Amino acid sequence: SKREIKMRKLDNTKVRPLKSEQLLRIEDHDFALRPGFGGSPIPVGIDVQVESIDSISEVDMDFTMTLYLRHYWKDERLSFRSNKNKSMTFDGRLIKKIWVPDVFFVHSKRSFIHDTTVENVMLRVYPDGNVLFSLRITVSAMCFMDFSRFPLDTQNCSLELESYAYNEDDLMLYWKHGNKSLSTDEHISLSQFFIEEFSASSGLAFYSSTGWYNRLFINFALRRHIFFFVLQSYFPAMLMVMLSWVSFWIDRRAVPARVSLGITTVLTMSTIMTGVSASMPQVSYIKAVDVYLWISFLFVFLSVIEYAAVNYLTTIEERKQLKKKGKASGMYSIDAVQAMAFDGCFHDTEVDMDLTGFSDRCEENETRAGAASVSNVDTPRIKRKRSLKGNVGRIILQNNHVIDTYSRIIFPSVYIVFNFFYWCLYI
């Protein structure tokens, strides 16, 4: 009835609101074409706010970054009338119906737009047709790293932005606010790297099939923290090298002690080197840490070879002495140190002992020394034994080979010089 129609007109809540699409006159234009199609290239300004650098992978040679990417351009087809000159803000549902720049990340491996709780996309349109298009993106891109100075290295990485379809004749990418177009969060930090700088730059990229394209660069320099590798690699290697020098102060006839010490240090150095290599990419060139570990391994290995030379020369020297002294009624006249090489006991230097009776006499002496009553015949022998025990250090020092004496000076001196030049070269 007429009365019902009149009541509906008076009721404003029943009036259908004006669609933004009708306000922007989207249906009146073909947004498959860029603004100003056929004319001069459309300028598209870019600014970026880096929220975080999530990870740096040396093995994969890439980095992961989360950022806010904002585009600025003017499309007069989206202009509208506004008495208060206020902009209109939309979410991602309007993006598919209008023209937006097709910016992509060069050398990216994977990227996505965050969609929790809804897609993180914002579109703001001003009455004069200026548009702000903002995205929150996480992108993983390649970073061409040079590990020749690892772990004392500084890596320079860049995230590159470029239009995929429109070359410089159709679209001109530029930094909206110059060097201030790139901003970072104050709390950005990484566990293994210190971020030295962020900078923005631009250039051109040429493709033989499609021509020249504008390209924008987000550059950042990463300096590696060295303290972690000092604790995990350098310091243990230093300790193993110094531990291998202990064998130079052990008696040259203590074969089990010196051989086991040398083998232990060699195997430990091999374990350290394997652990460092497992966490690094299999590059074909030598890294700084490889130089240090291999030189340290060489010092440990040479300490084993040094004892092999000492033992060999000692054996030859003793054989020559025995030949000179000759054999007299099945008895060899040898000194106390030579006797210790056979039975492990100390003897008087002026006593001639039978080789076949060394073990029996050593056990007999120990038994007599522990008895409650000691005979007068054994008293001088016990005194000599006690005096020898008090001078063990002096006997070892006097009977070390000359190679051990020089090794105590040469090995530490050369290693100190090597460390000095190493740290001066790479730091």
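The values are calculated or read from the model by the stated rules, or taken from the named source; none is laboratory data. Everything numeric in this text was worked out from a predicted model, so none of it was measured. Methodologically, a virtual Cβ is constructed for each residue, glycine included, from the backbone with ideal geometry; neighbour enumeration extends over all protein chains shown. Keep in mind that these areas ignore ligands, DNA and RNA; they rest on the heavy atoms of the full protein, side chains included. Shrake-Rupley method; radii C 1.70, N 1.55, O 1.52, S 1.80 Å.
Suppose we keep only residues that are at pLDDT below 85 and acidic (Asp, Glu) within the stretch 1-55. Which one would you say is nearest to LEU132 (Cα to Cα)?
Among them, the one singled out is GLU21.
Report whether or not THR315 is of a type in the set (Ser, Thr, Tyr) and closer than 30 Å to TYR426 by Cβ. Quick ask: steps written out before the conclusion?
Details: of a type in the set (Ser, Thr, Tyr): yes; closer than 30 Å to TYR426 by Cβ: no.
It is false that THR315 is of a type in the set (Ser, Thr, Tyr) and closer than 30 Å to TYR426 by Cβ.
Of (1) among the aliphatic types (A, V, I, L, M); (2) open to solvent by less than 60 Å² (accessible area, probe 1.4 Å); (3) outside the structural domain of SER140 (by the TED database), ALA32 satisfies all except one. Which?
(2)
For the stretch 145-165, which residues satisfy the criterion of being open to solvent by 50 Å² or more (accessible area, probe 1.4 Å) and either part of a loop (DSSP other than H, G, I, E, B) or touching a Pro at 6+ places or on another chain (Cβ under 6 Å) (or both)? Let's see the steps before the verdict.
So in the stretch 145-165, the residues open to solvent by 50 Å² or more (accessible area, probe 1.4 Å) come out as 146, 149, 154, 156, 164-165.
Those that are open to solvent by 50 Å² or more (accessible area, probe 1.4 Å) and either part of a loop (DSSP other than H, G, I, E, B) or touching a Pro at 6+ places or on another chain (Cβ under 6 Å) (or both): ASP146, ARG149, TYR164, ALA165.
Would you tally the residues in the stretch 178-210 being of a type in the set (Phe, Trp, Tyr) and surrounded by 13 or more Cβ atoms within 10 Å (Cβ to Cβ)?
Filtering the stretch 178-210 for residues of a type in the set (Phe, Trp, Tyr) gives 193-194, 198, 206-207.
Still in the list and also surrounded by 13 or more Cβ atoms within 10 Å (Cβ to Cβ): 193, 198.
Number satisfying all stated conditions: 2.
Tell me whether the stretch 224-242 contains one or more residues that are part of a loop (DSSP other than H, G, I, E, B) and either farther than 30 Å from GLY178 by Cβ or open to solvent by 50 Å² or more (accessible area, probe 1.4 Å) (or both). Break it down into steps so the answer makes sense when it comes.
First pass over the stretch 224-242, keeping only residues part of a loop (DSSP other than H, G, I, E, B): 225-226.
From what is left, the residues that are either farther than 30 Å from GLY178 by Cβ or open to solvent by 50 Å² or more (accessible area, probe 1.4 Å) (or both) are 225-226.
Taking every residue of the stretch 224-242 in turn, at least one turns out to be part of a loop (DSSP other than H, G, I, E, B) and either farther than 30 Å from GLY178 by Cβ or open to solvent by 50 Å² or more (accessible area, probe 1.4 Å) (or both).
Based on this model, can you work out whether VAL118 counts as under 26 Å from PHE220 (Cα atoms) and of a type in the set (Val, Ile, Thr)?
Numbers: under 26 Å from PHE220 (Cα atoms): no; of a type in the set (Val, Ile, Thr): yes.
So VAL118 fails the test.
Taking the condition of being crowded, with 16+ Cβ neighbours inside 10 Å, outside any loop (DSSP other than H, G, I, E, B) and not β-branched (Val, Ile, Thr), how many residues in the stretch 277-300 meet it?
Adding up the residues that qualify gives 7.
If you scan the stretch 166-203, which residues turn out to be small (Gly, Ala, Ser) and assigned to a strand (DSSP E or B)? Before the answer, list the steps.
Here is the first cut: in the stretch 166-203, the ones small (Gly, Ala, Ser) are 178, 181, 183, 189, 191, 199-203.
Passing the criteria: SER183, SER199, ALA200, SER201, SER202, GLY203.
If LEU69 satisfies all but one of (1) modelled with pLDDT under 95; (2) under 45 Å from the mean Cα position of the chain (by Cα); (3) open to solvent by less than 60 Å² (accessible area, probe 1.4 Å), what's the number of the condition it fails?
LEU69 satisfies every listed condition except (1).
Grab the strands (runs of 3 or more DSSP E) fully contained in the stretch 78-144, keeping just those with 1 or more residues being open to solvent by 50 Å² or more (accessible area, probe 1.4 Å) and closer than 21 Å to LEU33 by Cβ. Show your work before the answer.
Values: elements: 88-90, 103-106, 108-113, 121-125, 130-142.
Fully inside the stretch 78-144 and qualifying: 103-106, 130-142.
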